[in-house]
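Here the structure is laid out as structure tokens; the discussion comes afterwards.
The values are calculated or read from the model by the stated rules, or taken from the named source; none is laboratory data. Since this is a predicted model, take the numbers as computed values, not measurements. Here the Cβ positions follow ideal geometry from the backbone for every residue, glycine too, while neighbour counts run over all protein chains shown. Note: accessible area is taken over every heavy atom of the protein model, side chains too, but ligands, DNA and RNA are not part of it. Shrake-Rupley method; radii C 1.70, N 1.55, O 1.52, S 1.80 Å.
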Amino acid sequence: MKIITDERCTGYSRPGHPERPARIRGSIDYLREQKDLPIQWEEPISVDETVLERAHTKVHVSRVKAASADFDGDTPAYADIYDHAIRSVGGALHALKLARAGESAFSLLRPPGHHAMQARAMGFCYLNSIAISVFEALASGTGNVAVFDFDVHHGNGTEAILEDHPHTSFFSIHQHPCYPGTGTENVGNNCFNYPLPPETPRAKYRDTIRKALEDLARLKPDLIAVSAGFDAYARDPIAQETLEAEDFLWIGKSIRDLGIPFYSILEGGYSSHLPELVFSYLKGVTGV
Ligand SMILES: [Zn+2]
């Protein structure tokens with residue numbers, strides 16, 4: 001298993017904000033200490049700015065670079081947020097590269113990205129790492145790429161960026177009603193949404209994920225880009241779903257069992273148990 005991280009991503013925070021450095025610091029410590037899963041640690045690759053413009057407007061990229069006023073209440077203008085966001089993009093691009101080389105890869109970085117729109121930062125997200133990596137995959141020879149997003153929030157940014165884009169598809173399982181309020185129905189010819197009410201029983205949540213993965217497999221993508229969020233966990237502080245650590249193991253295994261190359265990047269997950277949830281997922285991904 002290759003995990004891509006960079007401890008500089010713990011270098012920004014705001015008191016009381018759920019998207020906090022301990023998410024990554026705790027996960028790195030936990031994964032270093034465990035003995036079940038052999039891990040090779042990697043760093044994000046450097047990113048040519050032109051790849052950002054496949055998913056975002058130039059104006060948006062400049063705005064993130066020069067951020068001085070908060071984008072919204074959830075999405076502060078941290079000092080150097082552009083450098084942090086672009087390292088998250090570099091993590092996704094490295095994970096893509098590794099997946100293509102037949103490796104299991106997980107990008108463990110912050111900030112997350114799946115709410116970032118073409119021209120707007122929102123929901124703790126500044127640059128849409130997963131969408132940028134999908135476009136890079138297409139530009140460098142992959143035929144069809146599917147995004148599988150199991151974060152408890154709808155990946156509205158990824159959907160908006162990929163909507164009707166040839167050779168891409170987007171599958172999102174999420175709580176509704178919940179932030180950002182979208183994802184109630186399918187959109188365009190390639191975006192498929194599986195909204196579930198708060199407090200959905202685990203068995204039903206799993207059934208819905210199983211159904212989404214079957215729908216995804218039917219499109220026969222060459223590659224799957226996974227937006228891995230761990231906030232559908234029963235004790236997550238900002239959502240109301242019911243999954244347990246073993247469900248994330250099952251999700252990882254279910255994706256692996258499709259037999260299609262894939263890579264995963266961290267999106268949300270705000271409980272103090274995040275390290276164990278990531279570990280469970282990675283066990284499923286690697287079949288340990
Ligand atoms: Zn989320």
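Points to keep in mind about this one:
- Of residues in the range 13-48 being part of a helix (DSSP H, G or I) and in contact with a Lys or Arg (Cβ under 9 Å, 6 or more places away or on another chain), the one nearest to PHE230 (Cα to Cα): ARG23
- Among the residues of the range 57-71, those that are of a type in the set (Val, Ile, Thr) and either surrounded by 15 or more Cβ atoms within 10 Å (Cβ to Cβ) or in contact with an Asp or Glu (Cβ under 6 Å, 6 or more places away or on another chain) (or both) comprise VAL61, VAL64.
- Those strands (runs of 3 or more DSSP E) lying entirely in the range 184-288 with at least 2 residues open to solvent by 40 Å² or more (accessible area, probe 1.4 Å), at pLDDT 95 or above and basic (Lys, Arg): none
- Total residues in the range 189-227, condition over 14 Å from PHE170 (Cβ atoms) and of a type in the set (Val, Ile, Thr): 3
- Checking each residue in the range 218-256 for being near the ligand (Cβ under 10 Å from one of its atoms) and touching a helix residue (DSSP H, G or I) at 6+ places or on another chain (Cβ under 6 Å) picks out SER227, PHE230.
- Among residues of the range 138-158, those that are assigned to a helix (DSSP H, G or I), touching a residue at least 60 places away in the same chain (Cβ under 8 Å) and surrounded by 24 or more Cβ atoms within 10 Å (Cβ to Cβ), counted: 1
- All positions within the range 97-131 that are away from the ligand (no atom under 15 Å from the Cβ), open to solvent by less than 10 Å² (accessible area, probe 1.4 Å) and in a strand (DSSP E or B): ALA105, PHE106, SER107
- Against the numbered list (1) open to solvent by 10 Å² or more (accessible area, probe 1.4 Å); (2) in contact with a helix residue (DSSP H, G or I) (Cβ under 9 Å, 6 or more places away or on another chain), HIS176 comes up short only at (2).
- Matching residues in the range 257-271 - criterion: being within 16 Å of the ligand (Cβ to nearest atom) and either free of Cβ contacts under 8 Å to residues at least 12 places away in the same chain or polar (S, T, N, Q) (or both): SER264, SER271
- In the range 81-96, the residues that are surrounded by fewer than 24 Cβ atoms within 10 Å (Cβ to Cβ) reach residues that are β-branched (Val, Ile, Thr) and in a helix (DSSP H, G or I) with C-beta atoms within less than 7 angstrom, at least six apart or across chains, in these pairs: ILE81/VAL64; TYR82/VAL64.
- Any hit, the range 192-206, residues being touching a Ser or Thr at 6+ places or on another chain (Cβ under 7 Å), more than 16 Å from the ligand (Cβ to nearest atom), over 23 Å from ALA92 (Cα atoms) and of a type in the set (Lys, Arg): yes
- Some residue of the range 83-92 being within 23 Å of LEU37 (Cα to Cα) and more than 16 Å from the ligand (Cβ to nearest atom): yes
- Condition check for VAL134: within 16 Å of the ligand (Cβ to nearest atom) and under 30 Å from LEU196 (Cα atoms): no
- Only one entry of ARG25, ARG54 meets the criterion of being in contact with a Phe, Trp or Tyr (Cβ under 6 Å, 6 or more places away or on another chain) and open to solvent by 20 Å² or more (accessible area, probe 1.4 Å), and that entry is ARG54.
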